[in-house]
Amino acid sequence: MSGATSGNTSGDTSSNPTARKHTALPKAQILIEALPWLTRHRGKTVVIKFGGNAMIDEELKAAFAQDVVFLHHAGLRPVVVHGGGPQISAALDRHGIVSEFKAGLRVTTEDAMDVVRMVLAGQVQRELVGLLNQHGPLAVGLTGEDAHTITATKHQPRIEGELVDIGRVGEITEIDTGAIEALLTDGRIPVVSSIARSQDDHHVYNVNADTAAAALAAALDAETLMVLTDVEGLYEDWPNSDEVISRLTAKELEKLLPELASGMVPKMEGCLHAVRNGVETARVIDGRVQHSILLEIFTDEGIGTMVVPDAPTDEMEGEAA
C-alpha cells in the first residue's frame, strides 16, 4: 500500500488530472480561438475555386477536401468550382491535339471541347467528389450544363483591336442557382465543373473557372469567394518585390488590373465582379499551403489577398465624379 503511494508521487501522473490536463489544453485553446469566426460564418455560403498545385499534389488535394468538409460540419455552406488546366493539356497531348492559348484563354476546337468535357466532368470532378465523400455522403458533382446552371454565348477576345475566334469558349450570360440551392438545403456539397450550356445552339462551352466561380458567388449571394492559386496573393510591385497586398478595395483593384500579369487577370476580375455584386469579401489565397482555406477563414492574419467592396462614401464620390 505504502509502495503504491510512493510510486505515484515519484512521477506517475496517470491518476492525477491536474498533472495531465496540459496535454489537451492547446487543442481546446485553438478551438476557442476559432469560436468568433465559427459564429460569424455559420449558415453563410462560401464559393471556393479549386485550382493550381492543389489540383495535382496528392497531399494538397487531401488537405483541400478536409478543409471543405470541415467548413460543412462547422455550419458553413461550401460550393466548389473547378477547372482542370493541367489535366486537360495532358489529355489533349494524348489525343494528338495541340494546346494553344490566345488572350490567356485556351483555344477550344470542337475536338478539344470533347476532351475538355470528358476531363472536367469525368476525371477531375469524379476525383474531387471521391475525396470529399471519404468523409461521408456529402459531395454531389454537376456541370454548368445541368439544370441550366451556367449559360453562355460565344466569347471572342479582342487582340490588337480585332475580335479573334478561339472556338468553344464561352462568356457567361446567365446563372440558375436552383440545383445548387437544392443541394445545399439537403446538406450536400455541390462540386461544379466549369462547362456551360449554350444560349443559342445545342453545343456546350468551356468557360474560365475563375469567372464561373465569381458568377456563381454573386448569384448565390455568397459571403465569400475564395480563389486558390499558385502564388501567395496579389503582389505589391512584382517582380521588384514579393510583398503581398493583404487587403484592397474594389476601386483600388480596378486601378491595378491593367498592370497585372495575364494569369492573375481572370482571378482578380472575378474578385472584382464578386464584391461589386453582393459578395462581402473575395480572397486569392496560396493553394500550395496545406489547409490554406481554414487559415484564411478562421484566423485574423489570413494568408492571401482580400478584396472588399468600396465604402459607401467612395461609391458616392465615384457617382459624383
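The values are calculated or read from the model by the stated rules, or taken from the named source; none is laboratory data. Here the structure is a predicted model, which is why all the values come from computation and not from measurement. Glycine also receives a Cβ, built like all others from the backbone with ideal geometry; neighbour counts cover every protein chain displayed. Surface areas here come from the heavy atoms of the whole protein model, side chains and all, with no ligands, DNA or RNA. Shrake-Rupley method; radii C 1.70, N 1.55, O 1.52, S 1.80 Å.
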Problem set entry | Filter result for the condition that a residue is of a type outside the set (D, E, K, R) and either without any contact (Cβ under 8 Å) to a residue 24 or more places away in the chain or surrounded by fewer than 17 Cβ atoms within 10 Å (Cβ to Cβ) (or both), over 279, 289, 284, 275 | 289
For this session: Take the stretch 92-109 and flag every residue that is without any contact (Cβ under 8 Å) to a residue 60 or more places away in the chain, surrounded by fewer than 19 Cβ atoms within 10 Å (Cβ to Cβ) and at negative phi.
Result: 93, 94, 95, 97, 98, 99, 100, 101, 109
Problem set entry | Residues satisfying the stated conditions in the stretch 126-138, i.e. in a loop (DSSP other than H, G, I, E, B) and open to solvent by less than 70 Å² (accessible area, probe 1.4 Å) | 136, 138
Exercise. For residues in the stretch 93-125 being in contact with a helix residue (DSSP H, G or I) (Cβ under 8 Å, 6 or more places away or on another chain) and in a loop (DSSP other than H, G, I, E, B), which is nearest to residue 263 (Cα to Cα)?
Worked result: 104
Exercise. Going through the stretch 259-283 one residue at a time, which ones are touching a helix residue (DSSP H, G or I) at 6+ places or on another chain (Cβ under 9 Å) and assigned to a helix (DSSP H, G or I)?
Worked result: 265, 266, 267, 268, 269, 270, 271, 272, 273, 274, 275
For this session: Just give me the residues in the stretch 254-270 being open to solvent by less than 10 Å² (accessible area, probe 1.4 Å) and under 12 Å from residue 233 (Cα atoms), in sequence order.
Result: 268
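Quick grid of which residues meet (1) closer than 22 Å to residue 57 by Cα; (2) touching a Ser or Thr at 6+ places or on another chain (Cβ under 7 Å); (3) not aromatic (Phe, Trp, Tyr):
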{"site": "109", "(1), (2), (3)": "no, no, yes"}
{"site": "118", "(1), (2), (3)": "yes, no, yes"}
{"site": "126", "(1), (2), (3)": "yes, no, yes"}
{"site": "131", "(1), (2), (3)": "yes, no, yes"}
{"site": "139", "(1), (2), (3)": "yes, no, yes"}
{"site": "142", "(1), (2), (3)": "no, yes, yes"}
{"site": "165", "(1), (2), (3)": "no, no, yes"}
{"site": "170", "(1), (2), (3)": "no, yes, yes"}
{"site": "183", "(1), (2), (3)": "no, no, yes"}
Exercise. Tally time: how many residues in the stretch 139-154 are buried (at least 20 other Cβ atoms within 10 Å of the Cβ) and not in a strand (DSSP E or B)?
Worked result: 2
Exercise. Of the residues 319, 315, 254, 296, which is assigned to a helix (DSSP H, G or I), over 25 Å from residue 80 (Cβ atoms), modelled with pLDDT of 80 or more and out of contact with any Ser or Thr (no Cβ under 8 Å at 6 or more places or on another chain)?
Worked result: 254
Seminar exercise, completed: Filtering the stretch 1-49 for residues that are modelled with pLDDT of 75 or more, open to solvent by 80 Å² or more (accessible area, probe 1.4 Å) and not in a helix (DSSP H, G or I) leaves a count of 1
Problem set entry | Criterion violated by residue 219 - all others in (1) at pLDDT 90 or above; (2) open to solvent by 20 Å² or more (accessible area, probe 1.4 Å); (3) out of contact with any Ser or Thr (no Cβ under 6 Å at 6 or more places or on another chain) satisfied | (3)
Exercise. Is there a residue being surrounded by fewer than 17 Cβ atoms within 10 Å (Cβ to Cβ), of a type in the set (Ser, Thr, Tyr) and more than 16 Å from residue 213 (Cα to Cα) anywhere in the stretch 164-175?
Worked result: no
